[in-house]
Amino acid sequence: MSDSSQRTAGLSPAEKRALLMQLLRKKAERSKSIFPLSYNQQGIWFLYLLAPQSAIYNVTFSARICSDLDIAALRGAFQALIDRHPSLRTTFFLAAGGPVQQVHQHHEVHFAQTDAAAWSDDELKAALAEDAYRPFDLERGPVLRVSLFRRSASEHVLLLAIHHIAIDFWSLALILNELNVLYPAQKAGVPAALPQLDLQYTDYLRWQNEMLAGPQGEKLWRYWSRQLAGPLPVLNLPTDRPRPPIQTYRGAAHDFSLNDELSGLLKGLARSNGATLYMVLLAAFEAMLYCLTGQQDLLVASPVVGRNRAEFENIVGLFTNPVMLRADLSGNPTYRALLGRVRQTVLSALEHQDYPTLLLVQRFRPPRDLSRPPLAQVMFVLDKPHRLAEEGAPAFMLSETGLRMNPGGLALESFALERRAATLDLVMLVIETASALSISIRYNSDLFDPATVARMAVSFETLLRGIATDPEVGLDALAQSLARAERKQKAVARQRQMQLNVQKLKTVTRRPVGLPQFNRNGAQ
């Protein structure tokens, strides 16, 4: 039985006519090449216009290829990805009615090869960072760049740079997963065994617009208008320098890991309280923000996948939506009580996650402060990419060095990239592996020094150990405990710096060996 026969089986004649008209309308719309932007794409486009030379929305993936490489097959695999996914062959520009995107019938893959055999490791890292954070020209394209650096016949470094307006991290995992099929197929010269894509990102655009214009959209707006009612809180983190009048988006990262024991305790805490690990860590992050600021009303952004409908699972595009989670830390609650509040907030937010954040900004119209992001200044993320099944693959998303995976016969080893961009003041990114938790604190480097964020990481781990041991501890007691630990960290750092200064002074004042010695009269 054909697909069309299966679809119409059991339908009345009127229902069949309605379904036929719907399919014809979709076909007519797909024949167009120019479409509006989704709401979250509009937000990224707006920042692109403000800072077209910025790389804040460059999504990157880097890996060392430690096996024989068929370069022609790799290039062909990426061309097949672009041919398969319209979002990867799309450009963006301003039209009379506002920003639009144009899907091109064909777009040649940007595949650059560089001979780096004679380079030092530092030269290679500098070139990778330069390429990774090179700005995109969204009006001309491409939105995907592939760069291959040859170190030897059996070693290459692969760098992918993709603009966030075209993909999200689910899409990046999807791309890497499909390379697992496309690369060996290209090597063998046979068709790739990938399922046909019945829908495109433009189908999601139509669904989103129809949903928001209907009763469901009104229901979602009523929820968020209650959640974000009243003056919206502005988080005032203690910074090392005054806030610049306009956001610069310069950033860096501090990475660390929690050991198996602590990770297990936190997962057990989640189970015993009917919560998820995400809720446990989010509540801990909010508790840390309270300890840093003393503020009882907080807004934390947290991205959701945005693919509630199964038919959108295999589409490359920007679906993720950062929901606004409002934290109530009033009354000096215990950590366990705070976890209960967070649990309710998260469950409600997930039920109403399809309302775009940019639309909230447009409807709430918060006072615009060019020195801060609108709505939330911090973000919390817990990620466990499910598309990459091999152990250790999720931490590839952190760009840690030395992790391995083997998609399609390519022996890949993760290669760390320098972090240069930050969209918010602070982002806590947690990657969950089978046993441990890897954490990256992304931060605005115009506001915070590396040493400050390093102490913040130690404080967060200390806080996690405290709540895992005694979830009945109150937030004020936590704040006092962290303040004492912070003072101790600073004292140790000062002592270490004094020792370094003394050592440098001794080195400078010590007479250099091998130089001629003179007497008091200047004679040799």
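Pairs are defined by a Cβ separation below 7 Å, a sequence spacing of at least 6 or placement on different chains, a first member in region 203-214 that is closer than 12 Å to Phe312 by Cβ, and a second member that is in a helix (DSSP H, G or I) and open to solvent by less than 40 Å² (accessible area, probe 1.4 Å); the pairs so defined are Tyr204/Phe312.
Flag: Gly306 does not match the condition of being open to solvent by less than 50 Å² (accessible area, probe 1.4 Å) and without any contact (Cβ under 8 Å) to a residue 40 or more places away in the chain. Screening region 152-180 for residues that are under 20 Å from Gly408 (Cβ atoms) and more than 25 Å from the chain's Cα centre (by Cα) and picking the one that is surrounded by the fewest Cβ atoms within 10 Å (Cβ to Cβ) gives Ala153. Tell me, yes or no, whether region 256-266 has at least one residue that is hydrophobic (A, V, I, L, M, F, W, C), more than 24 Å from Thr433 (Cα to Cα) and touching a residue at least 24 places away in the same chain (Cβ under 8 Å). Checking region 256-266: not a single residue is hydrophobic (A, V, I, L, M, F, W, C), more than 24 Å from Thr433 (Cα to Cα) and touching a residue at least 24 places away in the same chain (Cβ under 8 Å).
Listed residues Ser257, Ser330; which is of a type in the set (Gly, Ala, Ser) and surrounded by 15 or more Cβ atoms within 10 Å (Cβ to Cβ)?
On the way: Ser330 fails: surrounded by 15 or more Cβ atoms within 10 Å (Cβ to Cβ).
Exactly one of Ser257, Ser330 is of a type in the set (Gly, Ala, Ser) and surrounded by 15 or more Cβ atoms within 10 Å (Cβ to Cβ), namely Ser257.
Taking Arg496 as the residue in question, decide whether it is more than 30 Å from Leu148 (Cβ to Cβ) and open to solvent by 50 Å² or more (accessible area, probe 1.4 Å).
Values: more than 30 Å from Leu148 (Cβ to Cβ): yes; open to solvent by 50 Å² or more (accessible area, probe 1.4 Å): yes.
The answer is yes for Arg496.
Here is a list: Gln247, Gln196, Gln208, Gln186. Which entry is surrounded by 16 or more Cβ atoms within 10 Å (Cβ to Cβ) and part of a loop (DSSP other than H, G, I, E, B)? Break it down stepwise before answering.
On the way: Gln196 fails: surrounded by 16 or more Cβ atoms within 10 Å (Cβ to Cβ); Gln208 fails: part of a loop (DSSP other than H, G, I, E, B); Gln186 fails: part of a loop (DSSP other than H, G, I, E, B).
Exactly one of Gln247, Gln196, Gln208, Gln186 is surrounded by 16 or more Cβ atoms within 10 Å (Cβ to Cβ) and part of a loop (DSSP other than H, G, I, E, B), namely Gln247.
Filter region 48-79 down to residues that are under 18 Å from the mean Cα position of the chain (by Cα) and open to solvent by 30 Å² or more (accessible area, probe 1.4 Å), then give me how many there are. Outline the logic, then answer.
Start the filter on region 48-79 by keeping residues that are under 18 Å from the mean Cα position of the chain (by Cα), which leaves 48, 54-63.
Adding the requirement that they be open to solvent by 30 Å² or more (accessible area, probe 1.4 Å) leaves 54, 57.
Total satisfying the criteria: 2.
In region 347-357, the condition of being closer than 30 Å to Arg487 by Cβ, open to solvent by 40 Å² or more (accessible area, probe 1.4 Å) and free of Cβ contacts under 8 Å to residues at least 60 places away in the same chain is met by no residue. Contact map, region 429-447: first residue closer than 16 Å to Leu281 by Cα, second residue polar (S, T, N, Q) and part of a loop (DSSP other than H, G, I, E, B), Cβ cut-off under 7 Å, separation 6 or more or different chains; pairs are Ala436/Asn259.
Tell me, which residue of region 81-102 that is outside any helix (DSSP H, G or I) and open to solvent by less than 30 Å² (accessible area, probe 1.4 Å) is farthest from Ala185 (Cα to Cα)?
Gly98
Hey, any hits in region 275-289 for a residue that's among the aliphatic types (A, V, I, L, M), within 18 Å of Leu426 (Cα to Cα) and open to solvent by 10 Å² or more (accessible area, probe 1.4 Å)?
Within region 275-289 (the criterion being among the aliphatic types (A, V, I, L, M), within 18 Å of Leu426 (Cα to Cα) and open to solvent by 10 Å² or more (accessible area, probe 1.4 Å)), the answer is no, since none of the residues qualifies.
Looking at the structure I just gave you, is Leu370 at pLDDT 95 or above and either open to solvent by 10 Å² or more (accessible area, probe 1.4 Å) or out of contact with any Pro (no Cβ under 9 Å at 6 or more places or on another chain) (or both)? No: the conditions fail for Leu370. Within region 161-187, being of a type in the set (S, T, N, Q) and modelled with pLDDT of 95 or more holds for one residue alone: Gln186. The criterion of being of a type in the set (Ser, Thr, Tyr), in contact with a strand residue (DSSP E or B) (Cβ under 9 Å, 6 or more places away or on another chain) and either open to solvent by 70 Å² or more (accessible area, probe 1.4 Å) or more than 20 Å from Pro373 (Cα to Cα) (or both) does not hold for Ser272. Taking Phe149 as the residue in question, decide whether it is at pLDDT 95 or above and surrounded by 13 or more Cβ atoms within 10 Å (Cβ to Cβ). Yes.
The values are calculated or read from the model by the stated rules, or taken from the named source; none is laboratory data. Since the structure is predicted, the reported quantities are computational estimates derived from the model, not experimental observations. Counting neighbours? That spans all protein chains shown, and the Cβs are built from the backbone with ideal geometry, glycine included. In case anyone asks, the SASA skips ligands and DNA or RNA and just uses the protein heavy atoms, side chains included. Shrake-Rupley method; radii C 1.70, N 1.55, O 1.52, S 1.80 Å.
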